[in-house]
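Trainee: The structure follows.
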Amino acid sequence: MWPSYSAFQWLAILEHELLLFAAIWFAIGAVDELAVDATWVWLRLTGRARTLRLSHHAGGAHDPSAELQGISAVLVPAWRESAVIGAMVSHCLRVWPQQALRIYVGCYRNDHETLTVLTALGSDPRLRVVVHDRDGPTTKADCLNRLYRAMCDDERRGAWRARALILHDAEDMVHPAALSLMDRALSHVDFVQLPVRPEPQAKSPWIAGHYCDEFAEAHARDMVVRDAIGAGLPSAGVGCAFSRGAIDRIIAQRGGADPFAAECLTEDYECGLLVSETGGKSAFLRMRDDDGKLIATREFFPATLATLATSVRQKTRWVHGIAFQGWDRLGWNLRLCDLWMRLRDRRGPLLALVLASAYIMVLIWPVVRLAETSALIAPLPPDPVIEALLVFNLGSFVWRLAMRAMVTGAEYGWLEGVRAILRFPVGNVITIIAGRRALAAYVRVLLGGRVQWDHTVHLAHPANAHSAERCQPSAEVVPAVLAQV
């Protein structure tokens, strides 16, 4: 039988158990993060994590029209992207003048607005608009497969073969040096990923700003460590290039004709890991141009309270695809470095549960303290294990905030570094909600529901607010960078 405790006593017991649960898992997570930090610091001290400049190993001006070593096909899936697709494609064609470039933009037959914008772009022979023969939305991977088949059709008709496949989204603003950098990198590896740089938005320092913090940390620290220890690199789905050989091996492993799994919500993440699993080499290239700007894919992320739900939907798709589908589809690689990184990738649902427990405990805490002060219940005896965990977690939390402020400040300036500390809870709240929704979506699919592209609406493009500098990497730069990362 249950003890006959008062409601306040039950609350005190619940508070204790939530505190113990959260403290243990926070401590485990802190050890994990400290291990990544220690590895990153060691890489920095040994010079293996330096962010080089294009001119570091090459003198003279860079030729913005330097031709590619082979045809590079950029695949851009689009569903209801009429507000941004025109700026994205126009910017790509302007800052990437190479004649070996091919841009394949996929839209749906029932998306007349996007198709109208695309048909108004002109007749650049490097651009091909592909209309999907199905109503949208399907999944992003399904649209990518349609683009891949269109490229293969062009190859047969024109008697040529693409050397590289590059993935981008309709809201991306590419860096002028990115195409040539990826082209040269593919002479040494099978897959290359460039950083993603969310653009700060003055009207949204909190919601849009928290993406700046998370990507700054992920692409200045996490991916650098992952690359250095030899773990498989996931694709971010933008600013990444696959060699044709890597794509062929992925298709062969799947036993089909398409490189992307149409039923997968994070097909880009999966394909990146499959490169290493099929024997290919990967590299994360972090460089700056001669003006000090990061060579990265820039884009605007959800920015207002009205689009908070959009941010939640976006992260729900990431958690669902990486944590749940990734476990089902990719399993666990027993190499220590890969096992460690996949555990980190798939911790989203557990992190949401731990954070929710901690916030519930915070809400209960003042009620229990008030009950103790009013002598309604006796305080529980001190627990030395919890006390030790709290001290350790507090110290690691301060360290974590300092690290995030440092990497954010290094990329966006000291003011954003300070804001990174203040908006830490914003990401936590979104993670909690997204974790719950991802679990519900996963269960729904297990029960026979259909996987669908949970599209993020984009209303603005960075190319309309930024002017890109024209600079190209020389052939000597890429081998030096590959030796550094």
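Trainee: Can you tell me which residues in segment 328-350 are open to solvent by less than 70 Å² (accessible area, probe 1.4 Å) and part of a helix (DSSP H, G or I)?
Mentor: Within segment 328-350, L330, C337, D338, L339, W340, M341, R342, R344, D345, G348, P349, L350 meet the criteria.
Trainee: Can you find a residue in segment 283-295 that is closer than 20 Å to A141 by Cβ, outside any helix (DSSP H, G or I) and in contact (Cβ under 8 Å) with a residue 40 or more places away in the chain?
Mentor: The answer is no; no qualifying residue exists.
Trainee: Determine whether segment 406-413 contains at least one residue that is without any contact (Cβ under 8 Å) to a residue 12 or more places away in the chain and surrounded by 15 or more Cβ atoms within 10 Å (Cβ to Cβ).
Mentor: Yes, there is a match, as at least one residue in segment 406-413 is without any contact (Cβ under 8 Å) to a residue 12 or more places away in the chain and surrounded by 15 or more Cβ atoms within 10 Å (Cβ to Cβ).
Trainee: Condition first: outside any loop (DSSP other than H, G, I, E, B) and more than 15 Å from the chain's Cα centre (by Cα). Now tell me which residues in segment 195-208 satisfy that.
Mentor: I207
Trainee: Same structure again: Restricting attention to segment 91-134, report how many residues are assigned to a strand (DSSP E or B), more than 17 Å from G239 (Cα to Cα) and charged (D, E, K, R).
Mentor: 1
Trainee: Test of understanding: among A231, A261, A296, which residue is in contact with a Cys (Cβ under 6 Å, 6 or more places away or on another chain), among the hydrophobic types (A, V, I, L, M, F, W, C) and over 18 Å from T456 (Cα atoms)?
Mentor: A231 is the lone residue from the list that is in contact with a Cys (Cβ under 6 Å, 6 or more places away or on another chain), among the hydrophobic types (A, V, I, L, M, F, W, C) and over 18 Å from T456 (Cα atoms).
Trainee: Among (1) open to solvent by less than 20 Å² (accessible area, probe 1.4 Å); (2) under 24 Å from M88 (Cα atoms); (3) in contact with a strand residue (DSSP E or B) (Cβ under 6 Å, 6 or more places away or on another chain); (4) not basic (K, R), which single condition is F215 missing?
Mentor: (1)
Trainee: Next up: Return the residues of segment 244-268 that are of a type in the set (A, V, I, L, M) and farther than 11 Å from L165 by Cβ; say none if nothing qualifies.
Mentor: Hits for segment 244-268 are I251, A252, A257, A261, A262, L265.
Trainee: Continuing with the same structure: Every residue in segment 271-311 that is in contact with a Ser or Thr (Cβ under 9 Å, 6 or more places away or on another chain), open to solvent by less than 10 Å² (accessible area, probe 1.4 Å) and more than 21 Å from I430 (Cβ to Cβ), please.
Mentor: Listed by number, the residues that qualify are C271, G272, L273, V275, M287, D289, L294.
Trainee: Here is a further query. For a quick check of your reading of the model, give me the residue pairs whose first member lies in segment 386-403 and is more than 15 Å from I24 (Cβ to Cβ), whose second is at pLDDT 95 or above, with beta-carbon atoms closer than 7 Å and at least 6 apart or on different chains.
Mentor: R400/E33; L401/I421; M403/D37
Trainee: Identify all residues within segment 212-235 that are part of a helix (DSSP H, G or I) and either touching a helix residue (DSSP H, G or I) at 6+ places or on another chain (Cβ under 8 Å) or under 21 Å from D142 (Cα atoms) (or both); write none if there are none.
Mentor: Residues satisfying the conditions are C212, D213, E214, A216, E217, A220, R221, D222, V224, V225, R226, A228.
Trainee: State all residues of segment 351-403 that are hydroxyl-bearing (S, T, Y) and in a helix (DSSP H, G or I); if no residue qualifies, say none.
Mentor: Across segment 351-403, the qualifying residues are S357, Y359, T373, S396.
Trainee: Going residue by residue through segment 214-225, is there one that turns out to be in contact with a Pro (Cβ under 7 Å, 6 or more places away or on another chain) and either modelled with pLDDT under 95 or of a type in the set (S, T, Y) (or both)?
Mentor: no
Trainee: Of A378, A323, A371, which residue is free of Cβ contacts under 8 Å to residues at least 24 places away in the same chain and aliphatic (A, V, I, L, M)?
Mentor: Just one listed residue meets the conditions, A378.
Trainee: Taking F191 as meeting all but one of (1) among the aromatic types (F, W, Y); (2) open to solvent by 10 Å² or more (accessible area, probe 1.4 Å); (3) touching a helix residue (DSSP H, G or I) at 6+ places or on another chain (Cβ under 6 Å), write down the number of the exception.
Mentor: Checking F191 against (1) among the aromatic types (F, W, Y); (2) open to solvent by 10 Å² or more (accessible area, probe 1.4 Å); (3) touching a helix residue (DSSP H, G or I) at 6+ places or on another chain (Cβ under 6 Å), the one that fails is (2).
Trainee: Any chance segment 171-182 includes a residue that's outside any loop (DSSP other than H, G, I, E, B) and open to solvent by 20 Å² or more (accessible area, probe 1.4 Å)?
Mentor: no
Trainee: I'm checking my understanding of the structure. Among residues of segment 119-142 that are among the hydrophobic types (A, V, I, L, M, F, W, C) and under 14 Å from V74 (Cβ atoms), which one is surrounded by the most Cβ atoms within 10 Å (Cβ to Cβ)?
Mentor: The qualifying residue surrounded by the most Cβ atoms within 10 Å (Cβ to Cβ) is V130.
Trainee: Would you be able to tell me the number of residues in segment 414-433 that are open to solvent by less than 50 Å² (accessible area, probe 1.4 Å) and modelled with pLDDT of 95 or more?
Mentor: 3
Trainee: Take segment 236-260 and flag every residue that is within 22 Å of L285 (Cβ to Cβ), open to solvent by 10 Å² or more (accessible area, probe 1.4 Å) and part of a loop (DSSP other than H, G, I, E, B).
Mentor: A236
Trainee: If only one of A208, A241, A261, A246 is of a type in the set (A, V, I, L, M, F, W, C) and under 30 Å from V418 (Cα atoms), which one is it?
Mentor: A208
The values are calculated or read from the model by the stated rules, or taken from the named source; none is laboratory data. The model shown is predicted, which means the values in this text are computed figures rather than measured ones. Please note: Cβ atoms are built from the backbone with ideal geometry, for glycine as well, and neighbour counts cover all protein chains shown. Only protein heavy atoms, including side chains, enter the accessible area calculation; ligands, DNA and RNA are left aside. Shrake-Rupley method; radii C 1.70, N 1.55, O 1.52, S 1.80 Å.
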